[in-house]
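The values are calculated or read from the model by the stated rules, or taken from the named source; none is laboratory data. Predicted, not measured: the structure shown is a model, and the values here were computed from it. For neighbour counting, all protein chains shown are included, and Cβ atoms are generated from backbone atoms with ideal geometry for every residue, glycine included. Heads up: the accessible areas ignore ligands, DNA and RNA and are worked out on the full protein's heavy atoms, side chains in. Shrake-Rupley method; radii C 1.70, N 1.55, O 1.52, S 1.80 Å.
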Amino acid sequence: MMKQIFGKLPRKPSKSSQHEPNGDALNGSHLNGGTVNSHSSSSANSNQGKKTDPLASQAGLMLVSGIYEALPGFRDVPSTEKQILFLKKLNMCCVVFDFSDPTKNLREKDIKKQTLLELVNYISSVTSKFNELAVQEMTRMVSANLFRTFPSPSHDNKLLEIYDLEDEEPAMDPAWPHLQIVYELLLGFVVSPETDAKLAKRYMDHSFVLKLLDLFDSDDHRERDYLKTILHQIYGKFMVHRPFIRKVINNIFYRFIFETEKHNGIAELLEILGSIINGFALPLKEEHKLFLVRALIPLHKPKCASTYHQQLSYCITQFVEKDYKLADTVIRGLLKYWPVINSSKEVMFVGELEEVLEATQAAEFQRCVVPLFRQIGRCLNSSHFQVAERALFLWNNDHIRNLIIQNRSVILPIIFPALERNTSGHWNQAVQSFTLNVRKMFTDVDHMLFDECLSRFQEDELKEKEMQERRELTWKHLEDVVSSTTAASNEAVLVSRFVSSIAIAPATATSPTPMVGS
């Protein structure tokens, strides 16, 4: 009787808890000399509050003594007690240590690391279904360790404009030795055949998935790689979450494109989407087509598109391969966001254009052939040799070359001036050589069309030359008139050459008074 009475009396708090009121309390436990992140308790309970069980309180008994001690191994307890030990170890791993000081809590950190490794091995070898309490405790432990707020960058807006943050070294989380094992544990739990999706979805709910997607903004590429794999497995196992995952990714893209242009995980999210798009059933749903037009194509706009362009190009090409009628939409979208002064980005665009054209059928090609080859003509004349060279490589693709030959009567008149100027005026010898090969191909395929384009080009060049000569004569006449006027008046007069020759010619022809500016 006396033992029961004394057992109900509150214990005297330790000195460490008195001096550190915000310190190491978690679930009624105290950690000697340790530090628990302030987010741990709130994160751990964010997905909970659903159901409680007497085993949950029993699992927390090991921390009441105030000592963070290692628990027995799974091999050291009978099979009937392994489930309770599993819950105790999960509860023990809910304690989150402060890794900002590498010399702090070394013993406790090592104990937690070994416990996490034991949990990974247990999940991979378990042969019975996880019950509801196990799923609940697993979700709580993962939430406590993974879900956290990333520190905001210390740069103000002016510094962001001056310095390119892509060139900075990525930040590595000092807690990664523990985080990595937690990610391994979560991955093993999701893919385990003993995890019932219908039961697990109650705790790995939309809130859990949303916070998991928020972690894609981590600076640590190792964390993003784990998240990519885990989210892909969640998408495959929890069918009920699929529309929600696509919607959240869509919103992340919108915010990135139209507001911040700052997000570390765009490439990984696109990699997941590439696999998702590959599994779309035919015919494509309207919502998927809208996603292509409103999110994927505008992703070509940000300045940092080079960091995720390979994954984006794959997603775009997957859509065209799924539905060839989307080729016209995609090509016009590329032309809309075509870079003007960024040569390296322009090379990427031409490469993506080749992949899209390779999956394009003749009917869709004809719809966009005029604006497409106007842009290709500009690329052919680019002073950046890589842009011109990459555009000329389009003729090395058999499918694209056949499409061009079939529509040569429209294409050749558009790009002929660019070809002729390259052969005589481009500074790069390789570009000149490739241009001559393309020129020869058109000559061999349709000599009459080529001669007609050449004759028209020569006429246009002659007209341009005559117009230039008239323009020069007009200006010379104007300068002479101004010189004679200023000589008589001894006043300085400024003649503006920005005035068009069309406006100047009638004025000089009808009146001796020159058009002058002050």
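Assorted remarks:
- Charge sum, other residues only, whose C-beta stays under 11 Å from H309's C-beta, Lys/Arg counted +1 and Asp/Glu -1: 0
- Environment charge of K465, counting only residues whose C-beta is closer than 13 Å and scoring Lys/Arg +1, Asp/Glu -1: -4
- The listed peptides 266-275, 403-412, ordered by packing as a protection proxy, come out as 266-275, 403-412 (highest mean of other Cβ atoms within 10 Å first).
- Panel values: region 404-477, Kirkwood radius from alpha carbon pairs, Stokes-Einstein at 10 °C and 1.306 mPa s, translational diffusion coefficient 116 µm²/s.
- Protein-only accessible surface order, largest first, of T80, T423 at 1.4 Å: T80, T423
- Summing charges over neighbours of Q114, with a neighbour being any other residue whose Cβ is under 13 Å away from its Cβ, gives +1 when K and R count +1 and D and E count -1.
- Out-of-range pairs (alpha-carbon distance over 23 Å; input K325/K345; K89/K129; K262/K345; K211/K289): K325/K345; K211/K289
- Sorted peptide list for 433-440, 475-482, criterion being average Cβ within 10 angstrom, highest first: 433-440, 475-482
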